[in-house]
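Below is one structure, written out as structure tokens; the observations come after it.
The values are calculated or read from the model by the stated rules, or taken from the named source; none is laboratory data. Predicted, not measured: the structure shown is a model, and the values here were computed from it. Because the Cβ atoms are built from the backbone with ideal geometry, glycine has one as well, and the counts that use them run over all protein chains shown. For the accessible areas, the whole protein counts, side chains as well, though only heavy atoms, and no ligand, DNA or RNA atoms are used. Shrake-Rupley method; radii C 1.70, N 1.55, O 1.52, S 1.80 Å.
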Amino acid sequence: MKQVKTPLSIYFHIPFCLQKCPYCAFYKETSHPEDLTDFYWRDLNQYSFDRNQFFVQSIYFGGGTPSLFPPVFFKNIIAQLKKNFIVSDTLEVTLEINPHTVSDSSLLSFKDAGITRPSFGVQSLFNTNLKKLGRLHSAEKALDVLAFARNHFTSYSADFIYGLPWQSLEDWEKQLTLILDLNVPHLSLYSLSLEKGTPFANRFHLDQLDQGEFYETTREVLISGGYQHYEISNFAKKESDFSQHNLAYWRGDSYLGLGPSAHGRLEISPQKWITSEGESHLNRWKKDGLNLHPISPQDRGIEMLLMALRLDAPFYENFLQKHTQQTFGDLLDSKNLRKYVEQKWLSFDKKSLHTTAHGRQFLNTLLCEILKLNI
Amino acid sequence: MKNIRNFAIIAHIDHGKSTLADRLIEFCGGLNSREMKSQVLDSMDIERERGITIKAQTVCLKYKAKDGQIYQLNLLDTPGHVDFTYEVSRSLFACEGSLLIVDAAQGVEAQTLANTYLAIDAGHEIIPILNKIDLPAADVPAVKKQIEDIIGLDTSDAVEASAKTGIGIQDILEKIVEKLPAPKGNPEEKLKALLIDSQYDSYLGVITLVRIKDGVLKKGDTVRFMAAKSTYKVDRLGIFSPKMTDLKQLSAGEIGFIITGMKNVADCQIGDTITGEKDLDATPLPGFRKVEPVVFSSFFPTDASDYPLLKSAVEKLSLNDASFTHEPEQSSALGYGIRCGFLGLLHMEVIQERLSREFDLDLINTAPSVAYEIYLMNGKMMPLHNPADYPDPTFIDYTKEPWIRVTIMLPDSYLGKVLELCTQRRGVQEDLTYVGSRAMLVYKLPLNEIVFDFYDRLKSITQGYAGFDYAPIGFEKGDLVKVSLLINEELVDALSFMAHRSQAEAKGRALCARLKDLIPKHQFKIPIQAAIGGKVIARETISALRKDVTAKCYGGDITRKKKLLEKQKKGKKKMRLFGKVEIPQNTFIKALKSE
């Protein structure tokens with residue numbers, strides 16, 4: 001009998017950037033990029049589990065700026081993984097790319113190395129915004145790179161940031177029109193959040209800006225332009241363009257995080273989960289490795305809910321039960337759940353939960369109300 | 001009796017009163033060094049931290065003077081703050097002299113002044129002491145001149161001392177013996193004693209401090225508290241040395257403690273006269289009055305189920321403090337709480353702090369209010385302690401509010417700003433004098449105008465250089481109105497306040513604007529209105545929240561996202577629901593602070 005295998009996603013945190021963007025709070029180094037491949041394998045071996053139970057559905061090289069590394073670096077890692085794991089026929093390999101760091105020829109080399117899905121950090125199509133965001137590339141460069149990608153990749157994505165402290169709604173509406181013209185299969189459109197400790201957080205506040213208005217406009221324009229708004233900040237032309245890797249986070253699949261600030265959740269045996277919460281600096285991580293510890297099925301269940309409800313898709317109780325032994329009743333406040341179902345923030349048909357567009361727009365409020373959080 | 005000296009110490013906060021008292025106790029051998037802890041007299045944590053004395057305490061010292069005789073020196077440590085003026089005056093009435101301590105580097109402060117006048121009123125002989133002369137910034141001649149010019153005391157006998165290094169301690173003791181008069185009074189007369197203060201001890205019950213004016217009080221006597229109209233048998237009596245030391249009797253001129261079976265300090269009214277049980281025709285000692293609270297504020301538990309805890313905590317505190325009043329209150333907005341009356345602002349802060357510190361209570365306190373007198377059309381006077389009880393204006397003839405006389409001492413460079421502040425607060429200038437580069441300003445002000453943040457404002461505009469003191473001067477008619485606050489069309493009684501009509505609109509507008517910043521956005525628009533009666537005088541609107549969701553989780557970091565949600569939920573728990581609007585509990589106090 002053929003054994004049913006569990007999907008697994010693998011994230012590589014590559015913590016090097018040419019410079020720090022003033023809004024970014026993610027851990028990175030601006031020193032000379034260092035090949036950390038051996039340390040990634042050490043991390044991988046720290047997760048001791050039966051690899052034969054899993055098949056790898058996605059690989060993600062995130063950063064930092066992973067595109068600072070040459071194609072061969074990724075080629076070797078992908079080859080090594082294929083040697084050690086059962087890998088899906090439709091394996092997705094995403095590489096985050098800073099447009100500043102690539103050329104037509106390097107993009108082709110990345111494709112040859114096994115990257116199936118470049119994800120471009122465009123952020124804005126206006127140079128004034130790019131400058132204020134501390135980005136090194138120009139809008140023209142980003143457009144060139146996207147035009148090249150259109151001809152050479154079936155799947156690719158572009159990231160944008162909106163709701164900037166100085167931005168008018170009109171500025172963003174103009175960009176949305178340009179973005180639609182680009183016809184990119186997948187878009188991640190993030191509203192700026194001011195993260196503690198960043199230069200932006202010290203310089204700006206967003207009280208005056210109605211990010212809700214930006215959010216609603218974004219949603220309307222993209223849907224009428226033929227995109228599916230499948231997650232809070234993510235849009236795709238068709239289902240096959242959805243980010244398989246990010247879906248793993250949202251749906252509650254197992255994923256391994258390798259690198260100093262990488263996070264992982266792995267079901268090492270049925271309903272037994274371990275996590276790694278990378279919050280280390282490069283040298284400490286090199287010395288100590290990952291910090292792995294078990295996570296209770298309740299906590300993992302809560303995590304699954306708070307991620308799954310970001311999607312415009314039903315989340316099934318039988319999935320929750322299968323992987324955490326928890327029921328909706330165990331994790332949800334039934335009185336508040338009823339209240340918000342009545343208010344049409346989400347639908348609940350006994351077997352599954354599905355947030356409405358309105359409910360997703362206020363998801364933090366909704367989660368605070370319906371989840372039994374331990375506080 | 002001729003070898004007894006009863007004296008009080010007058011000083012501004014931080015001018016070294018407690019340290020000097022410690023040195024005097026040490027010099028006379030009251031405690032050995034192992035027993036000595038810093039600031040022996042200030043026994044409450046709050047007293048020690050803030051450098052203030054709340055309860056009067058006494059220490060009986062034995063001092064062998066240079067004339068070879070042994071003297072009994074009774075040091076009475078009095079509350080130093082204006083809120084306790086009456087208590088201070090009674091303590092002073094128990095003594096014949098005072099030590100006036102002035103920091104030789106800081107000079108005379110407003111508070112020093114008020115208490116010195118009280119001592120002069122009590123007929124005291126006063127010995128000026130210039131403390132901290134070891135400090136490099138000490139300027140003895142300048143401070144002496146201040147004492148002469150501002151207070152009008154002769155400083156030729158002043159002692160120069162440093163409590164820290166011990167300089168001048170013996171000189172002070174000699175001066176006490178030499179300059180202060182021995183108490184008058186007749187041990188052969190019928191018993192007459194002054195009740196100075198009392199405190200509650202969970203083992204001993206009420207401990208009462210007394211000064212025997214005439215006669216002798218013996219252990220086992222039955223005594224009568226004249227104002228309280230109650231009699232008690234004296235189970236124990238004695239002195240503090242500073243350890244509690246039992247004696248068989250206390251006689252005229254002496255200060256000591258008595259313990260009766262009394263369980264409730266309410267029976268111990270400061271300034272009361274204690275006489276023999278059968279001495280029904282005795283005339284009470286002069287100066288007694290019942291203390292009335294002047295500032296009111298309500299406490300509500302943030303968690304409604306904590307109300308019983310709050311109630312018992314308030315009752316426990318009032319065991320030791322008869323001057324603070326309390327009664328249950330119900331607010332439509334905040335649920336069950338307790339309305340308390342205080343002698344002043346410091347008194348209020350001390351009680352607030354003790355409730356949260358000693359009883360670990362999480363409280364919402366409403367804005368302080370003063371006691372108004374509302375004269376109704378039917379000729380009756382209705383005291384108003386809570387704006388929520390404000391009657392229908394058509395029944396009101398006129399309203400009176402309490403006024404105070406404020407003395408402010410400040411470097412003259414800040415004078416302009418301080419005059420402006422006093423004018424804003426409806427002040428009437430009475431006096432302005434200069435001593436060198438320091439100015440002394442006397443203003444008449446409505447208590448209502450200083451009750452909340454006057455001192456904070458004064459300190460901030462003078463960068464902390466101004467000192468401030470006040471005394472109540474009675475009630476005056478005023479054109480006062482009640483300003484009601486409505487949030488989302490619902491009346492929030494805890495935010496309503498009394499104001500002078502000329503300022504009602506500006507204050508209402510400022511409060512609406514602050515609330516707009518303090519109340520988080522909701523899914524719907526929230527109007528905030530201030531109104532006098534049915535007339536809206538100010539309005540703000542909180543726009544609706546249109547999005548509340550985290551944009552991104554970096555690299556599968558769910559942990560952080562979960563923590564943020566937990567934080568958000570915790571924040572929500574600290575909100576109070578008013579109709580449909582959730583308001584953070586600290587809003588009430590924050591909203592009323594101007595600027």
| task | With a ≥ b ≥ c taken as the square roots of the eigenvalues of the C-alpha gyration tensor of segment A:148-261, please select rounded if a/c is under 1.5 and otherwise prolate if a/b is larger than b/c or oblate if it is not? | result | oblate
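Calculate the mean, over all residues of peptide B:559-572, of how many other protein chain Cβ atoms lie within 10 angstrom of the residue's Cβ. Intermediate values should be presented prior to the final figure.
Working: counts 10, 4, 6, 9, 0, 1, 10, 5, 2, 6, 9, 3, 2, 4.
Mean partner shielding for this stretch: 5.
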| message | Based on alpha-carbon centroids, what's the gap between segment A:12-46 and segment A:321-355 in Å, whole number please? | response | 38 Å
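Can you give me the accessible area per residue for segment B:482-592, using a 1.4 Å probe, in Å²? All intermediate terms of the calculation are to be shown ahead of the outcome.
Details: 5090 Å² over 111 residues.
That works out to 46 Å² for each residue.
Using R₀ = 22 Å, calculate the FRET efficiency as 1/(1 + (r/R₀)^6) where r is the Cβ-Cβ separation of A:Gln80 and A:Asp112; round to 0.05.
Values: r = 17 Å, r/R0 = 0.76.
Once rounded, the FRET efficiency stands at 0.85.
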| note | In segment B:522-557, accessible area falls by at least 50 Å² from chain alone to full assembly (1.4 Å probe) for B:Gln523, B:Arg546, B:Lys547, B:Asp548, B:Val549, B:Ala551, B:Lys552, B:Tyr554, B:Gly555, B:Gly556
| Roughly what % of Cα-Cα distances in the protein assembly as shown sit above 46 Å, to the whole percent? | 49 percent
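Is the shape of segment B:305-464 rounded, prolate or oblate, going by the alpha carbon gyration tensor and its root eigenvalues a ≥ b ≥ c, with a/c under 1.5 for rounded and a/b larger than b/c for prolate?
Oblate, since a/c reaches 1.5 and b/c is not below a/b.
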| According to the square roots a ≥ b ≥ c of the eigenvalues of the Cα gyration tensor, what is the shape class of segment B:192-276, taking rounded for a/c under 1.5, prolate for a/b larger than b/c otherwise, and oblate for the remainder? | rounded
| field | Most fluctuating residue given options A:Val56, A:Val87, A:Val184, as computed from a GNM of chain A linking Cα atoms under 10 Å | value | A:Val87
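Using the alpha carbons of segment B:295-368, what is the convex hull volume per residue in cubic angstrom, as a whole number? Write out the running numbers ahead of the final one.
Details: hull volume 5.4 nm³, N = 74.
Dividing the Cα hull volume of segment B:295-368 by its residues yields 73 Å³.
Quote the FRET efficiency, to the nearest 0.05, computed for B:Tyr117 versus B:Thr245 with a Förster distance R0 of 30 Å and r equal to the Cβ-Cβ distance. It would help to have the intermediate numbers written out before the result.
Numbers: r = 34 Å, r/R0 = 1.14.
Computed FRET efficiency for B:Tyr117 and B:Thr245 comes out at 0.30.
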| message | My understanding is that a pair violates if its Cα-Cα distance is over 25 Å; which of A:Lys335/B:Lys567; A:Lys83/A:Lys238; A:Lys372/B:Lys516; B:Lys62/B:Lys213; A:Lys372/B:Lys525 do that in this structure? | response | A:Lys83/A:Lys238; A:Lys372/B:Lys516; A:Lys372/B:Lys525
| How many percent of the accessible area of chain B is carbon or sulfur, using a 1.4 Å probe? | 50 percent
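Using the Cβ atoms and a cut-off under 15 Å, what net charge is assigned to the surroundings of A:Gly329, where Lys and Arg are +1 and Asp and Glu are -1?
On the way: positive: A:Lys335, A:Arg338, A:Lys350, A:Lys351, A:Lys372; negative: A:Glu317, A:Asp330, A:Asp333, A:Asp349.
Net charge around A:Gly329: +1.
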| request: With springs connecting C-alpha atoms under 10 Å apart, model chain A as a Gaussian network and identify which of A:Gly257, A:Gly62, A:Gly197 has the largest mean-square fluctuation. | output: A:Gly197
| field | chain A, relative contact order in percent, only Cα pairs under 8 angstrom and at least six apart counted | value | 15 percent
| If you place +1 on the Cβ of every Lys and Arg and -1 on the Cβ of every Asp and Glu, how big does the dipole about the Cα centre of chain A come out, in debye to the nearest 20? | 740 debye
| task | Tell me the label-point distance for the pair A:Lys196, A:Ser31, using the 7 Å Cα-to-Cβ offset, in nm and rounded to one decimal. | result | 2.7 nm
| query | Given a 1.4 Å probe and the protein chains all in place, what does the accessible area of A:His354 round to, in Å² to the nearest 10? | reply | 50 Å²
| request: Rounded to the nearest 0.05, what FRET efficiency do A:Asp288 and B:Glu582 give with R0 = 41 Å and r taken as the Cβ-Cβ distance? Could you check? | output: 0.40
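In debye, nearest 20: dipole of chain B around its Cα centre with unit charges on the Cβ of K, R (+) and D, E (-)? Intermediate results must be reported in sequence, preceding the final value.
Details: 79 positive and 79 negative charges, 463 e Å.
For chain B, the charge dipole is close to 2220 debye.
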| Quick one: buried accessible area between B and A, total over both chains, 1.4 angstrom probe, nearest 100 Å²? | 3400 Å²
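If Rh is defined by the Kirkwood formula over all Cα pairs and Rg also comes from Cα, what ratio Rg/Rh do you get for chain A?
Numbers: Rg = 20.7 Å, Rh = 21.8 Å.
A ratio of 0.95.
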| task | Once you've got the GNM for chain A with C-alpha springs shorter than 10 Å, pick whichever of A:Lys344, A:Lys20, A:Lys335 has the biggest mean-square fluctuation. | result | A:Lys335
| said: To check my understanding: the extent here is largest minus smallest coordinate of the Cα atoms along each principal axis. What are those three numbers for segment B:434-592, in Å, largest first? | reply: 69, 45, 20
| said: 7 Å from Cα along Cα→Cβ at both B:Ser502 and A:Gln208: what's the point-to-point distance in nm? | reply: 3.6 nm
| request: Compute the distance in nm between two label points, each set 7 Å from the Cα along the Cα-to-Cβ direction, one at A:Glu140 and one at A:Phe126. | output: 1.9 nm
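Counting only other chains, what is the mean number of Cβ atoms within 10 angstrom of the Cβ of each residue in peptide A:356-367? Intermediate results must be reported in sequence, preceding the final value.
Numbers: counts 0, 0, 1, 1, 2, 5, 6, 5, 9, 9, 2, 8.
Going residue by residue through A:356-367 and averaging, the value is 4.
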| remark: Given Cβ charges of +1 for Lys and Arg and -1 for Asp and Glu, the option among A:Asn84, A:Ile97, A:Tyr40 whose Cα lies farthest towards the positive end of the dipole of segment A:1-103 is A:Asn84
| Farthest toward the dipole's positive end in chain A, which of A:Phe242, A:Ala158, A:Phe55, given Cβ charges of +1 (Lys, Arg) and -1 (Asp, Glu) about the Cα centre? | A:Phe55
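Note the full-extension length gain between B:Asn264 and B:Ser543 as 0.36 nm times their separation in residues minus their Cα-Cα distance, in nm to one decimal.
Numbers: separation 279, 0.36 × 279 = 100.44 nm, distance 5.36 nm.
Full extension from B:Asn264 to B:Ser543 adds 95.1 nm.
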| Could you state the principal axis extents of the C-alpha atoms in chain B, from the largest down, to the nearest angstrom? | 86, 64, 56
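Within segment B:373-478, what is the number of lysine pairs with alpha carbons under 24 Å apart, leaving out pairs fewer than eight places apart on the same chain?
Working: B:Lys380/B:Lys400; B:Lys380/B:Lys477; B:Lys400/B:Lys444; B:Lys400/B:Lys477; B:Lys417/B:Lys444; B:Lys417/B:Lys459; B:Lys444/B:Lys459; B:Lys444/B:Lys477.
Eligible lysine pairs with Cα atoms under 24 Å apart amount to 8.
Hey, what number do you get for chain B at 222 nm if only DSSP H runs of n ≥ 4 count, each worth -39500 (n - 2.57), divided across all residues, to the nearest 500? Write out the running numbers ahead of the final one.
On the way: 14 runs with 145 residues, N = 595.
My calculation for chain B gives -7000 deg cm²/dmol from helical runs alone.
Of the GluC sites (Glu not before Pro) in segment B:143-210, which ones lie in a loop per DSSP and count no more than 12 other C-beta atoms within 10 Å?
On the way: sites: B:Glu148, B:Glu160, B:Glu174, B:Glu178, B:Glu188, B:Glu189; in loops: B:Glu188, B:Glu189.
Here the GluC sites (Glu not before Pro) that fit, given the DSSP loop and packing criteria, are B:Glu188, B:Glu189.
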| task | Could you size up the charge dipole of segment B:482-592 around its Cα centre, putting +1 on the beta carbon of Lys and Arg and -1 on that of Asp and Glu, and report it in debye to the nearest 20? | result | 540 debye
